[in-house]
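Student: Handing you this structure, nothing more for now.
The values are calculated or read from the model by the stated rules, or taken from the named source; none is laboratory data. In this text, all values refer to a predicted model and were calculated from it rather than measured experimentally. Every residue, glycine as well, gets a Cβ built from its backbone with ideal geometry; the counts of neighbours run over all protein chains shown.
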Ligand SMILES: Cc1ncc(C[n+]2csc(CCOP(=O)(O)OP(=O)(O)O)c2C)c(N)n1
Ligand code: SF4
């Protein structure tokens, strides 16, 4: 093991390689371009494939082809690119193909801004594409966590035969932090994929990669099967971080960069005598609802901090279920909340100033 | 002793085609399957079928198959080929799929010289969705969305895919064939075989455009459809080899 200094976007690439991914398909977009730049150099070094596609529509369909032959495969983009990928993501979910899709989010809607944002939360966790499906959505908050979660992302995808999304933002992508890396790149053991369609090669029955179920009864069966799987994922794979939660009177919550800011505010508030704590969902789907429900028994208030006009707050409210008020502080369009402003909000709320 | 004259190719399953009577999709499937049999490549060939009337081709070709989103088959095939370069990979696509919604995917697969083979079925309409105008619909041709016939001012003129793709360096074999009579069927099979051989030799992208019928949406009998194709499509879409590498000539 050695400590190396890495940029978030590069860590996504190195994390994928360490997780045994040897195929990347993507189309350039700010603020994730360091990732394709990194992989364009790094993939050939490890005998992998880097391919610049003609669009995000194509990238995601190349992913569909590569995933269908049983290989670990990655694509990455930022918000507008993810909008283009939604059709393909729906097909990947329907055909139950594992892959990892990265969204380094930027301000929107439309062409928006290239500055960091979190306003694709709904798109990531509520579907995004058409039909009844869910993605496992991972939200790292540090460069080390990016490396660690890339392995988790590929493993979960294979385990459940499902696409996995990892969301970050421009800050996380650009920031440099020290990470622990094994000195050698070894290929991890990858689960056998007897369903993969890479040619018969002696097998009798063809394998078919498909999301068409023309008989409605069959399509409903697929959805029931998918949702049974999603239930198992929710039971087994929900991840979150708690910080100074035990005696917290106000619970701050957020994910990724917003959670880092919220965490620093927890300490600042504590220093001023306010009992603050933090819940940071690491899986945005499955959402750690039970953790909020439990916290709501004792905390008095919640404050959801986001880099959007308020999206995750809907899930927080569902989880808190009206037991306690849930407040919101957000900046959007590429603006980042400042710790001092969030702290001011905490103080105002605790003084009952906004009722 | 009786000799078997007509046998189902091993590359086709015994599932009965769902195509309308007189539709030439079935003939084209058979030609592709015969070529795969004759080349002995079924065991390591992967097919990608489109959205369109041939969406169920995964049930007919007896090998590993993918069903791709509308127009995206060349991108899916790229993903397959880039993970398994020693496999033979083909796409089977209609003219709505390839020449309309999927133009970016086919152009760039060809431009990259992606080592895949595309069988492009041009029947001058959208078959599956009810006979709407396709990019390949002929000037003046009546469809459900051009009730007075395709008018140049409103809908432009047909896209000639073989001509267009043969301008790309990465596309090394491009041919247009037809299946409206036995002589042309034989020629069509030869072209499909060449296209697969080009892929096998690792030379680049290959495409065979096959002029095909849609009796149902043309509102003609199977027999009339064959004649309509010969009389109307052949003059607009000249048959021939548009590009051919020296290696397979
Ligand atoms: C994104 C999307 N848009 C539209 C459709 C509807 N659709 C299905 S098949 C088709 C046209 C197919 O026509 P063609 O490719 O010519 O094949 P054919 O049916 O004639 O063989 C369309 C528009 C779809 N399935 N997906
Ligand atoms: S609608 Fe046309 S293309 Fe489709 S199966 Fe019938 S005849 Fe063939």
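Yes/no per residue for (1) closer than 21 Å to residue A:307 by Cα; (2) in a helix (DSSP H, G or I); (3) in the same structural domain as residue A:34 (by TED's automatic domain parsing); (4) more than 12 Å from the chain's Cα centre (by Cα):
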{"residue": "A:130", "(1), (2), (3), (4)": "no, no, yes, yes"}
{"residue": "A:141", "(1), (2), (3), (4)": "yes, no, yes, no"}
{"residue": "A:150", "(1), (2), (3), (4)": "no, yes, yes, no"}
{"residue": "A:153", "(1), (2), (3), (4)": "no, yes, yes, no"}
{"residue": "A:158", "(1), (2), (3), (4)": "no, yes, yes, yes"}
{"residue": "A:178", "(1), (2), (3), (4)": "no, no, yes, yes"}
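Student: For the range A:183-223, which positions are within 19 Å of residue B:55 (Cα to Cα), touching a residue at least 60 places away in the same chain (Cβ under 8 Å) and within 8 Å of chain B (Cβ to nearest Cβ)?
Tutor: Answer for the range A:183-223, where residues must be within 19 Å of residue B:55 (Cα to Cα), touching a residue at least 60 places away in the same chain (Cβ under 8 Å) and within 8 Å of chain B (Cβ to nearest Cβ): A:197, A:209, A:210, A:211.
Student: Looking at the range B:1-49, which of its residues are under 16 Å from residue B:93 (Cβ atoms) and more than 12 Å from ligand 2 (Cβ to nearest atom)?
Tutor: Listed by number, the residues that qualify are B:31, B:32, B:46, B:47, B:48, B:49.
Student: Within the range B:74-85, work out how many residues are touching a helix residue (DSSP H, G or I) at 6+ places or on another chain (Cβ under 7 Å) and either touching a residue at least 12 places away in the same chain (Cβ under 8 Å) or more than 8 Å from chain A (Cβ to nearest Cβ) (or both).
Tutor: Summing the residues that are touching a helix residue (DSSP H, G or I) at 6+ places or on another chain (Cβ under 7 Å) and either touching a residue at least 12 places away in the same chain (Cβ under 8 Å) or more than 8 Å from chain A (Cβ to nearest Cβ) (or both) in the range B:74-85 gives 6.
Student: Evaluate the following for residue A:170: is it under 30 Å from residue A:276 (Cα atoms) and assigned by TED's automatic domain parsing to the domain that holds residue A:22?
Tutor: yes
Student: What about residue B:89, is it modelled with pLDDT of 95 or more and away from ligand 1 (no atom under 12 Å from the Cβ)?
Tutor: yes
Student: Are any residues in the range B:1-38 away from ligand 1 (no atom under 14 Å from the Cβ), away from every other protein chain (no Cβ under 14 Å) and either in a helix (DSSP H, G or I) or in contact with a strand residue (DSSP E or B) (Cβ under 6 Å, 6 or more places away or on another chain) (or both), and if so, which ones?
Tutor: B:30, B:31, B:32, B:34, B:35, B:38, listed by residue number.
Student: Out of A:296, A:276, report the one residue that is outside the structural domain of residue A:167 (by TED's automatic domain parsing), closer than 13 Å to residue A:345 by Cβ and modelled with pLDDT of 95 or more.
Tutor: Checking each option against the conditions leaves just A:276.
Residue by residue, here is whether (1) under 23 Å from residue B:85 (Cα atoms); (2) modelled with pLDDT of 95 or more; (3) over 19 Å from the mean Cα position of the chain (by Cα); (4) surrounded by fewer than 22 Cβ atoms within 10 Å (Cβ to Cβ) holds:
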residue: A:1; (1), (2), (3), (4): no, no, yes, yes
residue: A:22; (1), (2), (3), (4): yes, yes, yes, yes
residue: A:35; (1), (2), (3), (4): no, yes, no, no
residue: A:39; (1), (2), (3), (4): yes, yes, yes, no
residue: A:52; (1), (2), (3), (4): yes, yes, yes, yes
residue: A:59; (1), (2), (3), (4): yes, yes, no, no
residue: A:77; (1), (2), (3), (4): no, yes, no, no
residue: A:86; (1), (2), (3), (4): no, yes, no, yes
